[in-house]
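Have a look at the structure below, then the notes.
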């Protein structure tokens, strides 16, 4: 994702979605209904979200240890910052109860990025 669109993301919300799911795995199914991997701005958050999504589909319990192990088996644990970063996600979330609200923020920022990209590239094509 281009840095020119970095204004349209909220790192705290992305971390809180992931951390909230790690603390309250029952929220994963609800969040998966409307939030998608590509809506995360940071690549490492997309990787963690996709791992959680796959685990949820396979009814694998979701917590810090299981997500870390799943990512290790996929060869992606170090790509996201290791076990320390997965544990950090659970520590930075204010509460696991507001995951849906955090997911809404992530989705809204993704929509704003999409609109900004459309305007930018549309304008760029127009002047070319």
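Quick check on this structure: which one of 83, 17 is at pLDDT 95 or above, touching a helix residue (DSSP H, G or I) at 6+ places or on another chain (Cβ under 6 Å) and closer than 30 Å to residue 119 by Cα?
Sole residue among the options that is at pLDDT 95 or above, touching a helix residue (DSSP H, G or I) at 6+ places or on another chain (Cβ under 6 Å) and closer than 30 Å to residue 119 by Cα: 17.
Residue check: residue 8 meets all listed conditions (1) surrounded by fewer than 18 Cβ atoms within 10 Å (Cβ to Cβ); (2) closer than 30 Å to residue 120 by Cβ; (3) modelled with pLDDT under 95; (4) under 15 Å from the mean Cα position of the chain (by Cα) but one, namely (1).
All of 97, 108 fail the test of being under 24 Å from residue 27 (Cβ atoms), at pLDDT 95 or above and surrounded by fewer than 17 Cβ atoms within 10 Å (Cβ to Cβ), apart from 108. Within the stretch 8-29, residues that are without any contact (Cβ under 8 Å) to a residue 60 or more places away in the chain sit with their Cβ atoms under 8 Å from residues that are surrounded by 24 or more Cβ atoms within 10 Å (Cβ to Cβ) and in a helix (DSSP H, G or I), at 6+ positions apart or across chains, in these pairs: 28/21; 28/52.
Inspect all residues belonging to the stretch 74-82 and state whether any of them is closer than 22 Å to residue 36 by Cβ, buried (at least 18 other Cβ atoms within 10 Å of the Cβ) and within 14 Å of the chain's Cα centre (by Cα). Looking through the stretch 74-82, at least one residue is closer than 22 Å to residue 36 by Cβ, buried (at least 18 other Cβ atoms within 10 Å of the Cβ) and within 14 Å of the chain's Cα centre (by Cα).
The values are calculated or read from the model by the stated rules, or taken from the named source; none is laboratory data. Owing to the predicted nature of the structure, the values given are computational and were not obtained by experimental measurement. Neighbour counts are summed over all protein chains in view; Cβ atoms, including those assigned to glycine, are modelled from backbone coordinates with ideal geometry.
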